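Colleague: Following this message is one structure expressed as structure tokens.
The values are calculated or read from the model by the stated rules, or taken from the named source; none is laboratory data. Keep in mind that this is a model prediction, so the values were computed, not measured. Neighbour counts are summed over all protein chains in view; Cβ atoms, including those assigned to glycine, are modelled from backbone coordinates with ideal geometry. The accessibility values were calculated without ligands, DNA or RNA, using every heavy atom of the protein model including side chains. Shrake-Rupley method; radii C 1.70, N 1.55, O 1.52, S 1.80 Å.
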Amino acid sequence: MQKLADWIKHHQVVTFFILVYGIAWSGMILVYFVFPGNELVEVLCMPFVLFSPALTAMLISGIAEPRPKHKDSRSRWIALVLSWLICAPIIILHAINNLGVEAVPAFIVFGIMGIFPAWVLSSVYARTPGIRKLFSTILKPRGPAKWYLVIFLIFPGFLLLAFYITPLLGGESQFFLADLGIRGAAVYLFLEFSKGFVLTGGINEESGWRGFAVPRLQARYPVIVAGLIVGYLWAFWHLPYDIGEGVPTAWILQNRLFWTPLFGIIMTWLYNRTNGSLLAPALFHPAMNTFGNNFLITPVGNILFIGLAIYAIVSDRMWKKLPQDHLASYHETGMIKLEAVQKNKLMEVSNV
């Protein structure tokens, strides 16, 4: 077991992608191709599919940096209960309002699913230092506050800008929730975004993609390389879902080969600009899904997003590596050397 743990410590990114694909693809294959339409299989598998990036990152971080343990475990359990009391109602209210679910057994299932995001959020107070470090910036974000405003200037900001500019150029704009009225649309979007943050795209995915994989790759490669590696592997991770949901092949190719990696670059830019704060991509991802799915994406909007990605690459000189002391860069060798020093000190004390 120690040899396996040592191998994982030295191959954290490889281990992460092997496990995250193994868990998620196994679950999606069971749900969509082996037992299609089986609600029990879906209920059992999908939480692990959705949280495979976060849970895998948690496992590896705990193995990589297991000591010294934090003493207080009570804070973790208090945070777990409080987080569940927030997450479970969000998921249930989303099911009622946005999905039209009325069955009480479904509410019980959704309430149980709230344990998954609650476990991730409470990991800010985990006893294991590697896990606590990974999730700490969800509740204790870093970087200037303006960058968290920028997230919402992009989504829905760019979409609203394109919505009003497109008709002036002779094109067609559409907001799919217009029939709900301002209040109805606001409630729908709020619940959609909140559910996305806790369950589908926020902390469940970004804890792995940008929170775990990007900083480890940025320690070795230029930012653009790290961003694209994670961007494409994040994109292909969705492939069984895309096929199982019957998404047209042309859109799968366009979305997963171009748009998903492009937004991966933007999220990497935001992650770095907030000094490695997990909260930034965890907010951007559900904002992108929520508003992107409810506005007609026009050529004007596409130009704005492409222009932003180009600006991010050029302004941050993403073809270069981050400085070694940058908070958005994780150095495994430094961590391993530190552990070796700590072990030597322990041996010296024991020999006295």
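Colleague: Give just the number: which of (1) assigned to a loop (DSSP other than H, G, I, E, B); (2) surrounded by fewer than 16 Cβ atoms within 10 Å (Cβ to Cβ) does Ser329 not satisfy?
Modeller: Tallying (1) assigned to a loop (DSSP other than H, G, I, E, B); (2) surrounded by fewer than 16 Cβ atoms within 10 Å (Cβ to Cβ), Ser329 fails exactly one: (2).
Colleague: Which residue pairs have Cβ atoms under 8 Å apart, sit 6 or more places apart or on different chains, and have a first residue in the stretch 161-181 that is farther than 17 Å from Gly292 by Cα and in contact (Cβ under 8 Å) with a residue 40 or more places away in the chain and a second that is open to solvent by 70 Å² or more (accessible area, probe 1.4 Å) and of a type outside the set (Ser, Thr, Tyr)?
Modeller: Gly171/Pro299
Colleague: Related question: Let me confirm something: among Ala79, Ala64, Ala95, Ala57, which residue is at pLDDT 95 or above, under 19 Å from Glu205 (Cα atoms) and of a type in the set (A, V, I, L, M)? Before you say what the answer is, go through the steps one by one.
Modeller: Details: Ala79 fails: under 19 Å from Glu205 (Cα atoms); Ala64 fails: under 19 Å from Glu205 (Cα atoms); Ala95 fails: under 19 Å from Glu205 (Cα atoms).
On inspection, the qualifying residue turns out to be Ala57.
Colleague: Please specify each residue of the stretch 93-102 satisfying the condition of being free of Cβ contacts under 8 Å to residues at least 24 places away in the same chain, of a type outside the set (Gly, Ala, Ser) and open to solvent by 40 Å² or more (accessible area, probe 1.4 Å). Break it down into steps so the answer makes sense when it comes.
Modeller: First pass over the stretch 93-102, keeping only residues free of Cβ contacts under 8 Å to residues at least 24 places away in the same chain: 95-96, 99-102.
Filter once more, so that each one left must be of a type outside the set (Gly, Ala, Ser): 96, 99, 101-102.
Hits for the stretch 93-102 are Ile96, Leu99, Glu102.
Colleague: Taking the options Gly27, Gly22, name whichever one is in contact with a Phe, Trp or Tyr (Cβ under 6 Å, 6 or more places away or on another chain) and modelled with pLDDT of 95 or more.
Modeller: On the way: Gly22 fails: in contact with a Phe, Trp or Tyr (Cβ under 6 Å, 6 or more places away or on another chain).
Just one listed residue meets the conditions, Gly27.
Colleague: Is it true that some residue in the stretch 287-295 is touching an Asp or Glu at 6+ places or on another chain (Cβ under 7 Å), assigned to a helix (DSSP H, G or I), open to solvent by less than 10 Å² (accessible area, probe 1.4 Å) and in contact (Cβ under 8 Å) with a residue 60 or more places away in the chain?
Modeller: Filtering the stretch 287-295 down to residues touching an Asp or Glu at 6+ places or on another chain (Cβ under 7 Å) leaves 290.
Add one more test, that the residue is assigned to a helix (DSSP H, G or I), and what stays is 290.
Add one more test, that the residue is open to solvent by less than 10 Å² (accessible area, probe 1.4 Å), and what stays is 290.
Adding the requirement that they be in contact (Cβ under 8 Å) with a residue 60 or more places away in the chain leaves 290.
Taking every residue of the stretch 287-295 in turn, at least one turns out to be touching an Asp or Glu at 6+ places or on another chain (Cβ under 7 Å), assigned to a helix (DSSP H, G or I), open to solvent by less than 10 Å² (accessible area, probe 1.4 Å) and in contact (Cβ under 8 Å) with a residue 60 or more places away in the chain.
Colleague: Name the helices (runs of 4 or more DSSP H) wholly inside the stretch 107-218 in which the number of residues that are at pLDDT 95 or above, crowded, with 16+ Cβ neighbours inside 10 Å and polar (S, T, N, Q) is 1 or more. It would help to see each step written out before you state the result.
Modeller: Details: elements: 115-122, 129-139, 146-154, 157-168, 181-198, 203-206, 214-218.
The qualifying helices (runs of 4 or more DSSP H) are 115-122, 129-139, 157-168, 181-198, 203-206, 214-218.
Colleague: Would you please list the contacts, defined by Cβ atoms under 8 Å and residues six or more apart or on different chains, that run from a residue in the stretch 299-326 that is open to solvent by 60 Å² or more (accessible area, probe 1.4 Å) to a residue that is hydroxyl-bearing (Ser, Thr, Tyr) and part of a helix (DSSP H, G or I)?
Modeller: Pro299/Thr166
Colleague: What number goes with the only condition from (1) closer than 23 Å to Ala57 by Cβ; (2) not in a helix (DSSP H, G or I) that Val225 does not pass?
Modeller: For Val225, the exception is condition (2).
Colleague: Answer yes or no: is there a residue in the stretch 245-264 that is within 13 Å of the chain's Cα centre (by Cα) and either closer than 18 Å to Tyr330 by Cβ or open to solvent by 60 Å² or more (accessible area, probe 1.4 Å) (or both).
Modeller: Yes; the residues of the stretch 245-264 include at least one that is within 13 Å of the chain's Cα centre (by Cα) and either closer than 18 Å to Tyr330 by Cβ or open to solvent by 60 Å² or more (accessible area, probe 1.4 Å) (or both).
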